[in-house]
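One structure below.
Laboratory data are not the source of any read-out in this text; all were calculated from the coordinates shown. All figures in this text were calculated on a predicted structure; none of them were measured in a lab. We place every Cβ from the backbone using ideal geometry, glycine too, and count neighbours over all the protein chains shown.
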Amino acid sequence: MEALFLLIAISLVVALAFLAGFLWAVKSKQFDDDYTPSVRMLFDDETKNEPGK
Amino acid sequence: MKIEKFYYDNQIVKMFAYATLLWGLVGMLVGLYAALQLVYPSLSGGIPYTTFGRIRPLHTNAVIFAFVGNGIFTGVYYSLQRLLKTRMWSDMLSKINFWGWQLIIVAAAITLPLGFTTSKEYAELEWPIDIAIAIVWVVFGLNMMMTIVKRRERHLYVAIWFYIATFVTVAVLHIVNSFELPISFMKSYSWYAGVQDALVQWWYGHNAVAFFLTTPYLGLMYYFIPKAANRPIYSYRLSIIHFWALIFLYIWAGPHHLLYTSLPDWAQSLGTVFSLMLIAPSWGGMLNGLLTLRGAWDKVREEPMLKFMVVAVTAYGMSTFEGPMLSIKSINAISHYTDWTIAHVHIGGLGWNGFLTFGMMYWLIPKIFRTKLYSLKLANVHFWLGTLGIVFYALPLYWAAFTQWAMWQEFSRDGFLVYPNFLETVTQILPMYLLRAVGGLLYLSGAIVMIYNLRQTVKSGNFLKDEAAEAAGLEPAYVYHGKEHWHRPLERRPVQLMVISLVVILIGGIVEMVPTFLVKSNIPTIASVKPYTPLELHGRDVYISEGCNNCHSQMVRPFRHETERYGEYSKSGEFVYDHPFLWGSKRTGPDLHRVGGKYPDSWHYNHMIEPERMAPGSIMPVYAWMAKTEIDTTTTAAKINAMRTLGVPYEDGYELVANVDVVAQQQTIVNSLNKDGIKNVAPNTEMIALIAYLQRLGTDIKLQNQTAEK
C-alpha cells in the first residue's frame, strides 16, 4: 500500500504549504482587520473612460 | 502615494463568459442524450462513437472542465482584477489560457467518442492532453500569481485565497494522478496498479470535486453574492475560518469513495472521519453566504440573479450535508453503485455550480455591456425551469436508488435471492430514468432561455473592452534597515513563497515516488494470480476503450447478497496487475469481477452482437461491430514491455513471441464458438479479445465449479 503513504506524504506537504501560507497571512496582518475588507470590495470607483477606449 | 490610472481587461472576461455558455449548452445536451440512452438504448445508433460508455465521459468532462472550468475563469478574471485594483499581469497569458483551454476541450470532444480514454473518472483524457492541461493550468496560475504581485491593494480578499488554493491543489492532483506510461500516441497505462490506482484515482476524484467544483466557486460566492446584494458578507471572520478549515480537511476525504472495497479498513476509516468533519466548514460557508442576505430578502424577491444564488448556496448546503452522510459505511452500502451517487452529484452540479454560474452571468454580462438585463421575466422563467429541473432530476434517482438497492439485497425465506436476475432490478427503475431525463430537459430549456436573454442584453448593450479605474500604488510594506537574515525578504513575498513551496512539494513528491516505482518487492502477490495473457491484455484495452467501467463494476463487496449474486468477494491481491484499475463506481449493469467462466463463449458473443438476444429488456448498447473490428497485434510487444516496466512479471523476451500465444488463444475461442454453432468468426477481432478478457476475470482465485451451475 505504498501509494497510500505516497498520498499521505503529498497531502501533508500540501497541507504544510497551506500552513506556511496561513502563517504568512497572520504575520503580515492579513487578518487583523476582519471587517473593512468585506465592505471595501463593494466599492468599485466609477472612473470615466476616455473616448475611444 | 500617487494615484495611478489603469484599465481592467473585460475582453477576456467576455470571451470566457461566452465559452461558459456555449460549453454549458453542449455539456447539458450530451447529458440529456446519455440519460435518454438509458431508457432507449437504440438511440446510440449501433455505432461505436455514440455508445453510453463513450458519451458519459464526454458529458462529465464537458460539464466539469468546459462549463464549470470556463465559469471559474470568467469569475476569477473579472473579480481578481477588481479586488486587487490592477489589470491582469499579462494579456498574452490570459489569451493563451483562453485558447489553450478551448483547444483542450475540443481535443476531449474528439478523442473521447473515438475511444481514447484512460478509464479513470474525470481524468479520462490521454497523456498528450494531460500535458496540455498541466501547461495551460500553470499559465493560468502564473498569470494570477503575478497579478497578485502587482496588486495595488495589500489585503487579499478571502475570494483570492480560495483561488490560490484551487490553483495549487489542482496542479498537484492532476500531476500525481496522471502518472502514466505511454505506449503510443493516445494510449498509456497508469503507473499505479489495482488498489493503489484506485486510491490515487479517488484521492484525485474527490479533490476534483473539492478543488475544482467547490473552492473556486466558493471564491466566486464570496465575491458575487455581496456584489449582487450590495452588502458585505455576513461575517468576514467566518469566511477566513471557513477557508482554512475547508482546505485542511478536504484533501483527506478521498477514500470514502472506496468503502467496502479491497482498500485497507484503516484507510477507509480515515476517509470517513475527515468526511464527517467537513460538514462544519461547509455549513459555516453556506450559512455565511445565506446570512449575507439577511434583511435583504426583498431584494431576493426582485432580483432573479439573487434567487439563483440563494438556491445555489442552499444546494451547496444540501450536498455538503449529504456527502458526509454518504461517507458513513452503512449508508454508503446503499448509495455506492446505485443512482443515489448520481443524484447527489447533480444536486451539487446543477444546483451549486450551475445556478451560481447562471447568477453570475445575469449580473456580469449587463455590467460589462453597460446595460440592464433584457428581461427579468425571462430570468424568472429560467429560474423556475431550472429549479423544477433539479427536483425532477434528483427525486426519481433517489427513488430508483432505494428501489434497486432493496431489490438487490432481498432474500426469500428459503435463503435465496428474490431477484437473482440483475436485469429485473434495472427494468424496474426505467420509468424513473425517463423522469430524470425530463428533469434534465427542463434544466436545459432554462439554460436556453438564459442564452436568449443574455443575447438580447448583449445586443442592446455597449461593450466596454477596457474599463478605466484609479487607485494608489502599493507602498512597500517594509523599509530596508540594513543587514538581515536571507529568509526575511522571502517572508514579505507571499507569491514567491507559494511558488517555492510548490517546488518543494514537487521535489518531495518525486523523492517519495521514485523508490516506490523502482522497488518491485512492493507489490504484494497471491501465488495463483498471474499476469494477463497478451490477448486478454488486448481485450482489457477494448474494455477500457469502450468505457465498460462506466456501467459495470469489478468489485464484489463482502455482503451476503453480493457473494450470493456474484461469487467470492474481491481481494486486493487480485488486482496487482491491473494498470489501470477498473473497479467502476456505478452498476447500471451487473458486477463483472466473477464473470469469468460463468457463461460459455458463445453467450458473450451473442450478447455483444445483440444484448437482448441473451437478456430480453437489456439496456446495454449493441456492440456488433466488435466482431469485425480488428485488433492491432503490432502493439502487443509495446504493451508487454510497458507492463513489464510497471512491474508485471512477464519473462524477458516474451514480447517477441507473445503474438504466437495471441493466435493460439484466439483459435481456442473461435473453436469453442464453432462448436456452439457460430461459424465464420474472424479470430483477430475485438470481439474475441474481449471474450478472452471477460472469461479470465476473477478466475485466478476462483474455486472450481463454484458458480458454474448457476
Going from the fewest other Cβ atoms within 10 Å to the most, one would list B:9, B:661, B:591 as B:661, B:9, B:591
Which FRET efficiency value, to the nearest 0.05, is calculated for residue B:384 and residue A:32 with the Förster distance at 45 angstrom and r the Cβ-Cβ distance?
0.50
Add -39500 (n - 2.57) for each DSSP H run of 4 or more in the protein assembly as shown, then divide by its residues: what number comes out at 222 nm, to the nearest 500 deg cm²/dmol?
-19500 deg cm²/dmol
Residue by residue through segment B:226-239, which ³J(HN,Hα) values in whole Hz follow from phi under the Karplus form 6.51 cos²θ - 1.76 cosθ + 1.60 (θ = phi - 60°), with glycine and proline marked x?
x, 5, 5, 8, 6, 8, x, 4, 3, 9, 5, 4, 4, 5
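For residue B:527 and residue B:5, what does the FRET efficiency come to when R0 = 56 Å and r is the distance between their Cβ atoms, rounded to the nearest 0.05? Write down the numbers at each step before the final one.
Details: r = 76 Å, r/R0 = 1.35.
So, using R0 = 56 Å, E works out to roughly 0.15.
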Whose amide H sits under 5 Å from the amide H of residue B:685, counting only residues 5 or more places off or on another chain, with H placed in the peptide plane?
B:631
Mind listing the phi-derived Karplus ³J(HN,Hα) values for segment B:637-646, rounded to whole Hz, using 6.51, -1.76 and 1.60 with θ = phi - 60°, and x for any glycine or proline?
4, 4, 5, 4, 4, 4, 4, 5, 4, 7
Given a Förster distance of 22 angstrom, what is the FRET efficiency for residue B:22 paired with residue B:452, based on the Cβ-Cβ distance and rounded to 0.05?
0.95
From the backbone phi of segment B:132-143, what are the Karplus-calculated ³J(HN,Hα) couplings (6.51 cos²θ - 1.76 cosθ + 1.60, θ = phi - 60°) in whole Hz, Gly and Pro given as x?
4, 4, 4, 5, 5, 5, 5, 4, 4, x, 4, 4
Less than 13 Å apart at the alpha-carbon level, and either on another chain or at least 8 residues along: which aspartates and glutamates does that give for residue B:465?
A:50, B:9, B:91
In degrees between 0 and 90, to the nearest 10, how far off the longest principal axis of chain B does helix B:430-460 point, with axes built from Cα atoms?
30
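With contacts defined as alpha carbon pairs under 8 Å and 6 or more residues apart, what's the relative contact order of chain B in percent?
This gives 17 percent for chain B.
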With a/c under 1.5 counting as rounded, go ahead and sort segment B:173-214 into rounded, prolate or oblate using the C-alpha gyration tensor (a ≥ b ≥ c being the square roots of the eigenvalues; past the cut-off, prolate if a/b is larger than b/c, else oblate).
oblate
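What number comes out for the charge environment of residue B:57, summing +1 per Lys or Arg and -1 per Asp or Glu over other residues with Cβ under 12 Å away?
Numbers: positive: B:54, B:56, B:120; negative: B:121, B:124, B:126, B:546.
For residues surrounding residue B:57, the net value is -1.
In terms of the Cα gyration tensor, with a ≥ b ≥ c the square roots of its eigenvalues, is segment B:426-466 rounded because a/c is under 1.5, prolate because a/b exceeds b/c, or oblate? Please list the in-between numbers first.
Numbers: a/c = 10.63, a/b = 4.52, b/c = 2.35.
Verdict is prolate for segment B:426-466.
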For a quick check: with amide H placed at 1.01 Å from N, whose amide H comes under 5 Å from residue B:555's, ignoring anything fewer than 5 positions away on the same chain?
B:592, B:593
Nearby lysines by direct alpha-carbon distance to residue B:586 (threshold 26 angstrom, same-chain neighbours under 8 apart not counted)
B:120, B:187, B:329, B:571, B:598, B:702, B:710
Checked segment B:527-584 against the a/c 1.5 cut and the a/b vs b/c comparison, axes a ≥ b ≥ c from its Cα gyration tensor; verdict oblate
Given charges of +1 on the Cβ of Lys and Arg and -1 on the Cβ of Asp and Glu, with all other atoms neutral, how large is the dipole of chain B about its Cα centre, in debye to the nearest 20?
2680
Distant-in-sequence amide H partners of residue B:4 (H built 1.01 Å from N, under 5 Å):
B:471, B:472, B:473
Can you compute the charge dipole magnitude of the protein assembly as shown about its Cα centre, using +1 on each Lys and Arg Cβ and -1 on each Asp and Glu Cβ, nothing else charged? Give it in debye, rounded to the nearest 20.
2320
Give me B:325, B:144, B:432, B:305 ranked fewest to most by other Cβ atoms within 10 Å of their Cβ, as a rough exposure proxy.
B:325, B:432, B:144, B:305
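By counting other Cβ atoms within 10 Å of each Cβ, how are A:39, B:76 ranked from fewest to most?
On the way: A:39 13, B:76 27.
By the 10 Å Cβ count, ascending, the order reads A:39, B:76.
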Hey, if you put +1 on the Cβ of every Lys and Arg and -1 on every Asp and Glu Cβ in the protein assembly as shown, which of B:317, A:39, B:128 ends up farthest toward the positive end of that dipole?
A:39
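Out of all DSSP beta bridges in chain B, what portion is antiparallel? Express it as a percent rounded to 5. Show your work: numbers first, answer last.
On the way: 13 of 14 bridges.
The antiparallel fraction comes to roughly 95 percent.
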7 Å from Cα along Cα→Cβ at both residue B:465 and residue B:376: what's the point-to-point distance in nm?
3.4
Which distance in nm do the two modelled labels at residue B:181 and residue B:298 give, with both placed 7 Å along the Cα-to-Cβ direction?
6.9
